[in-house]
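Chemist: Dumping the structure here so I can ask a few things about it.
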Amino acid sequence: MSLSQRDRLGDASWVTQCALSRICGGCAQSLGRPVAFLGTPDEVARNAFHLPPMHVACAEDLRRTPDADPVWQITLTAGFEFVRPTRDDLDRRPTFQPNSLL
Ligand SMILES: [Zn+2]
């Protein structure tokens, strides 16, 4: 994965495009199943992720990069909801909520 791809992962418009088009946040190809999410233990515990959905291989590649967060875990799911923040949410970023964990 290139630097520009990695930078793009946190970009809100890219995250939304991945969600709506069901494409991988890493390689921009269509997603199949399972879908992988990379998240911190806190995101895993809440079942709410901020990075876009990815292929399993793309998520594993990203986790192996030198600047990956060492606490990242991979969660696999067959599907997910894209949840936009409401007016009252402190965290104004949309989240991905896996709905059929594998
Ligand atoms: Zn991919």
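Chemist: Please return the ranges of helices (runs of 4 or more DSSP H) entirely within the range 1-96 where 1 or more residues are touching a His at 6+ places or on another chain (Cβ under 8 Å).
Modeler: Working: elements: 3-8, 12-21, 41-46, 56-64.
Passing ranges, in order: 12-21, 41-46.
Chemist: Report every pair of residues separated by at least 6 positions or lying on different chains whose Cβ atoms are under 7 Å apart, first residue within the range 43-60 and closer than 18 Å to residue 92 by Cα, second more than 16 Å from the ligand (Cβ to nearest atom) and in a helix (DSSP H, G or I).
Modeler: Cβ pairs passing all conditions: 49/43; 50/43.
Chemist: Report yes if residue 92 is among the charged types (D, E, K, R), free of Cβ contacts under 8 Å to residues at least 60 places away in the same chain and away from the ligand (no atom under 15 Å from the Cβ), otherwise no.
Modeler: yes
Chemist: Follow-up. Here are the criteria: (1) over 18 Å from residue 95 (Cα atoms); (2) at pLDDT 95 or above; (3) more than 15 Å from the ligand (Cβ to nearest atom). Tell me which single one residue 67 does not satisfy.
Modeler: (2)
Chemist: On to the next question. Could you tell me how many of the residues in the range 9-42 are touching a residue at least 60 places away in the same chain (Cβ under 8 Å) and either touching a strand residue (DSSP E or B) at 6+ places or on another chain (Cβ under 7 Å) or within 12 Å of the ligand (Cβ to nearest atom) (or both)?
Modeler: 4
Chemist: Going by the structure shown, is residue 38 surrounded by 12 or more Cβ atoms within 10 Å (Cβ to Cβ), within 9 Å of the chain's Cα centre (by Cα), among the hydrophobic types (A, V, I, L, M, F, W, C) and at pLDDT below 95? Walk me through how you get there before you give the answer.
Modeler: Values: surrounded by 12 or more Cβ atoms within 10 Å (Cβ to Cβ): yes; within 9 Å of the chain's Cα centre (by Cα): yes; among the hydrophobic types (A, V, I, L, M, F, W, C): yes; at pLDDT below 95: no.
When the stated conditions are applied, residue 38 does not pass them.
Chemist: Sticking with this structure for a sec: Would you be able to tell me the number of residues in the range 12-35 that are under 12 Å from the mean Cα position of the chain (by Cα) and farther than 15 Å from residue 82 by Cβ?
Modeler: Result for the range 12-35: 1.
Chemist: Still on this structure, I have one more. With respect to residue 59, determine if the residue is of a type outside the set (Ser, Thr, Tyr) and within 15 Å of the ligand (Cβ to nearest atom). So that I can check it myself, show each step before the final result.
Modeler: Values: of a type outside the set (Ser, Thr, Tyr): yes; within 15 Å of the ligand (Cβ to nearest atom): yes.
In short, yes.
Chemist: Filter the range 49-65 down to residues that are of a type in the set (A, V, I, L, M, F, W, C) and either in contact with a strand residue (DSSP E or B) (Cβ under 6 Å, 6 or more places away or on another chain) or surrounded by 15 or more Cβ atoms within 10 Å (Cβ to Cβ) (or both) and give me whichever is nearest to residue 76 (Cα to Cα). Give the derivation first.
Modeler: Residues of the range 49-65 that are of a type in the set (A, V, I, L, M, F, W, C), as a first pass: 49, 51, 54, 56-59, 62.
Next, only the ones that are either in contact with a strand residue (DSSP E or B) (Cβ under 6 Å, 6 or more places away or on another chain) or surrounded by 15 or more Cβ atoms within 10 Å (Cβ to Cβ) (or both) stay: 49, 51, 54, 56, 58-59, 62.
Values: 49: 12, 51: 13, 54: 10, 56: 8, 58: 13, 59: 10, 62: 15 Å.
Step by step, filter the range 49-65, then rank; the result is 56.
The values are calculated or read from the model by the stated rules, or taken from the named source; none is laboratory data. From a predicted model like this one, the values you see are computed outputs, not experimental measurements. Heads up, the Cβs are rebuilt from the backbone with ideal geometry, glycines too, and the neighbour counts pull from every protein chain shown.
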